[in-house]
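Here is the structure we will look at, set down as structure tokens.
The values are calculated or read from the model by the stated rules, or taken from the named source; none is laboratory data. The shown structure was predicted, so the numbers you read here are calculated from the model rather than taken from an experiment. Glycine also receives a Cβ, built like all others from the backbone with ideal geometry; neighbour counts cover every protein chain displayed.
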Ligand code: AMP
């Protein structure tokens, strides 16, 4: 089972991915977490992406595709992957399809966590106060949200046309969202 947790910044993708890792033995692949780790380590890559991330714009496709490629190779025996924050562009989605096809696999399910802009902004402001994550300030959030609408949201109809999307109310309680995610995994929509 390979699934994508899809949704705007602040929709709860990371939280739900971590719950799935705890509940099932899937491997979470979060490009945001990988890039934050690179930034924190002060590596060459981290230095290259720090300003881009803080501004809320997208790191290049080549960088994130390579991160995902390496991570998939490192977890070759994984029973499933949860893609969190990836793919964010059509080029990334196409690269992901090719990587999975090389393993004889595909994306089975796209869980779309639905949340409106005002609600996620309120969440992000709270997260900023709690975690101090640099790109959670309202200015960066606006850029991230606009980037999401422009580059990432158009992927949804692509996966929708493949019959892979299940929409879930991302503003429900964490437990209610987890329960809906589990149901979607246990009875995924029929893919073509
Ligand atoms: P996230 O934690 O998923 O919200 O990602 C935090 C930041 O990392 C984003 O605002 C981007 O700057 C960068 N990033 C994470 N994933 C990607 C991706 N798939 N493509 C491009 N940039 C990304």
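Among the residues making up the range 45-89, none is in contact with a strand residue (DSSP E or B) (Cβ under 6 Å, 6 or more places away or on another chain) and without any contact (Cβ under 8 Å) to a residue 24 or more places away in the chain.
Inspection of the range 6-13 finds no residue satisfying the criterion of being closer than 25 Å to residue 78 by Cβ, without any contact (Cβ under 8 Å) to a residue 24 or more places away in the chain and within 15 Å of the ligand (Cβ to nearest atom).
Looking only at the range 22-69, residues that are in a helix (DSSP H, G or I) and within 12 Å of residue 135 (Cβ to Cβ) come to 11 in all. Within the range 107-132, the residues that satisfy the criterion of being within 22 Å of residue 180 (Cβ to Cβ) and not in a helix (DSSP H, G or I) are 107, 108, 109, 110, 111, 112, 113, 114, 115, 116.
Here residue 96 clears all of (1) part of a helix (DSSP H, G or I); (2) buried (at least 20 other Cβ atoms within 10 Å of the Cβ); (3) more than 11 Å from the ligand (Cβ to nearest atom) except the condition numbered (3).
Evaluated against (1) at pLDDT 95 or above; (2) crowded, with 16+ Cβ neighbours inside 10 Å, residue 16 falls short on exactly one condition, (1).
Here the condition is being near the ligand (Cβ under 9 Å from one of its atoms), surrounded by fewer than 20 Cβ atoms within 10 Å (Cβ to Cβ) and modelled with pLDDT of 95 or more; of 85, 32, 46, it holds for 32 alone.
Here residue 104 fulfils each of the conditions (1) without any contact (Cβ under 8 Å) to a residue 24 or more places away in the chain; (2) surrounded by 16 or more Cβ atoms within 10 Å (Cβ to Cβ); (3) outside any helix (DSSP H, G or I) apart from (2). Kindly indicate whether any position in the range 133-153 is within 16 Å of the ligand (Cβ to nearest atom), part of a helix (DSSP H, G or I) and closer than 30 Å to residue 77 by Cβ. The answer is yes, given that some residue of the range 133-153 is within 16 Å of the ligand (Cβ to nearest atom), part of a helix (DSSP H, G or I) and closer than 30 Å to residue 77 by Cβ. Of the residues screened, residue 156 is one that is surrounded by 15 or more Cβ atoms within 10 Å (Cβ to Cβ), in contact with a strand residue (DSSP E or B) (Cβ under 7 Å, 6 or more places away or on another chain) and in contact (Cβ under 8 Å) with a residue 60 or more places away in the chain.
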